[in-house]
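**Student:** My structure is below; once you've seen it, I'll send some questions.
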Amino acid sequence: MSGVSGMLEGRRASRGRLITLEGIEGAGKSTVAVALREALESRGIEVCLTREPGGTPLAERVRALVLGHGEEPLAPQAELLLMFAARRIHVDNLIRPALERGQWVLCDRFTDATRAYQGGGRGMPADFIETLAGAVHPDVNPDLTLLLDLPVALGLSRAAGRRGVPDRFESEDVAFFERVRARYLELGRAQARFAVIDASRPLATVTADAVAALGRVLQA
Ligand code: Z5A
């Protein structure tokens with residue numbers, strides 16, 4: 001191997017992986033993310049666990065704006081742009097630097113949430129979302145996406161168990177979450193980077209499947 005190609009190989013080998021968790025409310029993403037972190041760390045892999053919208057102090061401020069009911073209406077276009085504004089901050093200030101250090105990033109929601117919620121749920125055009133995604137994070141995309149899928153009624157009942165004041169999304173009706181779920185499943189069928197996991201089963205079973213799905217990127 002020549003010097004330059006050897007260096008490039010080395011750089012590729014040391015770059016981390018981006019693993020995203022997706023699903024409707026109450027699917028178990030946050031719970032499963034913690035189990036995945038433990039599974040990766042037990043293999044000696046350094047993990048950065050984060051979430052969207054948010055993940056850095058400034059992006060968390062955008063999260064508060066977009067999830068809060070606030071005093072003024074928030075049009076779907078404004079909501080979409082705020083999601084991508086928060087994402088750009090998150091990618092620049094946390095995700096890309098972590099990947100470049102060789103850490104594996106576990107992200108509770110990423111652009112597939114925008115495709116599902118703002119695209120499927122709110123009806124924003126898919127091509128506009130893809131244009132924004134291409135502009136905001138052209139170089140950072142998931143290596144693996146775990147879609148935790150479950151019936152809407154079950155997700156909402158789990159989430160209701162630990163809810164305080166409902167945020168702007170939690171206040172949506174069942175039909176909204178059915179559209180979100182349907183879009184997630186379309187994405188899951190269309191792209192090989194997805195592992196779709198039946199999240200209606202007991203937590204231990206769901207977690208075991210999620211850890212098993214890591215095999216795809218551990219071997220890559
Ligand atoms: N949003 C958007 O619209 N566009 C975007 O681009 C992005 C986000 C990035 C905030 O997300 C909102 O932002 C979100 C979409 C929107 N709104 N909604 N809906 P969030 O991730 O912060 O909020 P969330 O999805 O509502 O989180 P969540 O309800 O906490 O869901 P979860 O993380 O998937 O679930 P969990 O906290 O791990 O589990 C919920 C409960 O169920 C808990 O008591 C668990 O112990 C229990 N649980 C979990 N799994 C099981 C199983 N298998 N069996 C039994 N009980 C279980």
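The values are calculated or read from the model by the stated rules, or taken from the named source; none is laboratory data. These numbers come from a predicted model, not from an experiment. Glycine also receives a Cβ, built like all others from the backbone with ideal geometry; neighbour counts cover every protein chain displayed. Ligands, DNA and RNA are excluded from the accessible area calculation, which covers all protein heavy atoms including side chains. Shrake-Rupley method; radii C 1.70, N 1.55, O 1.52, S 1.80 Å.
**Student:** Do any residues in the stretch 205-220 that are under 13 Å from E38 (Cβ atoms) and part of a helix (DSSP H, G or I) have Cβ atoms under 9 Å from those of residues that are open to solvent by 60 Å² or more (accessible area, probe 1.4 Å) and not acidic (D, E), where the two are at least six apart or on different chains, and which pairs are they?
**Tutor:** Correct list of pairs: T207/T31.
**Student:** Within the stretch 67-82, take every residue that is within 12 Å of the ligand (Cβ to nearest atom) and either aliphatic (A, V, I, L, M) or surrounded by 18 or more Cβ atoms within 10 Å (Cβ to Cβ) (or both) and give me the one that is farthest from E186 (Cα to Cα).
**Tutor:** Filtering the stretch 67-82 for residues within 12 Å of the ligand (Cβ to nearest atom) gives 67-68, 74, 76, 79-82.
Okay, now just the ones that are also either aliphatic (A, V, I, L, M) or surrounded by 18 or more Cβ atoms within 10 Å (Cβ to Cβ) (or both), so 67, 74, 79-82.
Numbers: L67: 25, L74: 27, E79: 22, L80: 20, L81: 23, L82: 24 Å.
This residue is L74.
**Student:** With the requirement that a residue be in a loop (DSSP other than H, G, I, E, B) and either farther than 22 Å from A195 by Cβ or not polar (S, T, N, Q) (or both), what does the stretch 109-146 give you? Reasoning before the result, please.
**Tutor:** Residues of the stretch 109-146 that are in a loop (DSSP other than H, G, I, E, B), as a first pass: 109-110, 122-125, 137-143.
Correct list: R109, F110, R122, G123, M124, P125, H137, P138, D139, V140, P142, D143.
**Student:** When residues of the stretch 123-147 are filtered for being near the ligand (Cβ under 10 Å from one of its atoms) and in contact with an Asp or Glu (Cβ under 7 Å, 6 or more places away or on another chain), how many remain?
**Tutor:** Final tally of qualifying residues: 0.
**Student:** Considering the stretch 147-165 alone, what residues qualify as being among the charged types (D, E, K, R), outside any loop (DSSP other than H, G, I, E, B) and out of contact with any strand residue (DSSP E or B) (no Cβ under 7 Å at 6 or more places or on another chain)?
**Tutor:** Within the stretch 147-165, just R158 meets the criteria.
**Student:** Name the single residue that is farthest from the ligand (Cβ to nearest atom) among those in the stretch 83-107 being over 13 Å from A59 (Cβ atoms) and open to solvent by 10 Å² or more (accessible area, probe 1.4 Å). I'd like the intermediate steps shown before the answer.
**Tutor:** Residues of the stretch 83-107 that are over 13 Å from A59 (Cβ atoms), as a first pass: 96-106.
Filter once more, so that each one left must be open to solvent by 10 Å² or more (accessible area, probe 1.4 Å): 96-97, 100-104.
Working: R96: 17, P97: 20, E100: 22, R101: 23, G102: 25, Q103: 20, W104: 19 Å.
Filtering the stretch 83-107 for residues that are over 13 Å from A59 (Cβ atoms) and open to solvent by 10 Å² or more (accessible area, probe 1.4 Å), the one farthest from the ligand (Cβ to nearest atom) comes out as G102.
**Student:** Tell me which residues, restricted to the stretch 136-152, are closer than 25 Å to V91 by Cβ, touching a residue at least 12 places away in the same chain (Cβ under 8 Å) and open to solvent by 40 Å² or more (accessible area, probe 1.4 Å). Lay out the reasoning, then the answer.
**Tutor:** Initial filter on the stretch 136-152 (closer than 25 Å to V91 by Cβ): 136-148.
Checking the rest, the ones that are also touching a residue at least 12 places away in the same chain (Cβ under 8 Å) come to 136-137, 139-148.
Correct list: D139, N141, D143.
**Student:** When A35 is evaluated against the numbered criteria (1) open to solvent by less than 20 Å² (accessible area, probe 1.4 Å); (2) in contact (Cβ under 8 Å) with a residue 40 or more places away in the chain, which criterion, by number, is the only one it fails?
**Tutor:** Unmet condition: (1).
**Student:** Mind listing whichever residues of the stretch 34-49 are closer than 20 Å to P97 by Cα and in contact with a strand residue (DSSP E or B) (Cβ under 8 Å, 6 or more places away or on another chain)?
**Tutor:** R37, L40, E41, I45, E46, V47, C48, L49 - these are the residues of the stretch 34-49 that are closer than 20 Å to P97 by Cα and in contact with a strand residue (DSSP E or B) (Cβ under 8 Å, 6 or more places away or on another chain).
**Student:** Can you report the number of residues in the stretch 153-187 which are within 10 Å of the ligand (Cβ to nearest atom), open to solvent by 50 Å² or more (accessible area, probe 1.4 Å), modelled with pLDDT of 90 or more and of a type outside the set (A, V, I, L, M, F, W, C)?
**Tutor:** Selection size over the stretch 153-187: 3.
**Student:** Cβ contacts < 9 Å: first residue under 14 Å from S30 (Cβ atoms) and among the aliphatic types (A, V, I, L, M), restricted to the stretch 94-113; second residue assigned to a helix (DSSP H, G or I) and open to solvent by less than 10 Å² (accessible area, probe 1.4 Å), any location; separation 6+ or different chain. Result?
**Tutor:** As it stands, the answer is L106/A33; L106/L36; L106/L40; A113/V180; A113/Y184, since those pairs meet every condition given.
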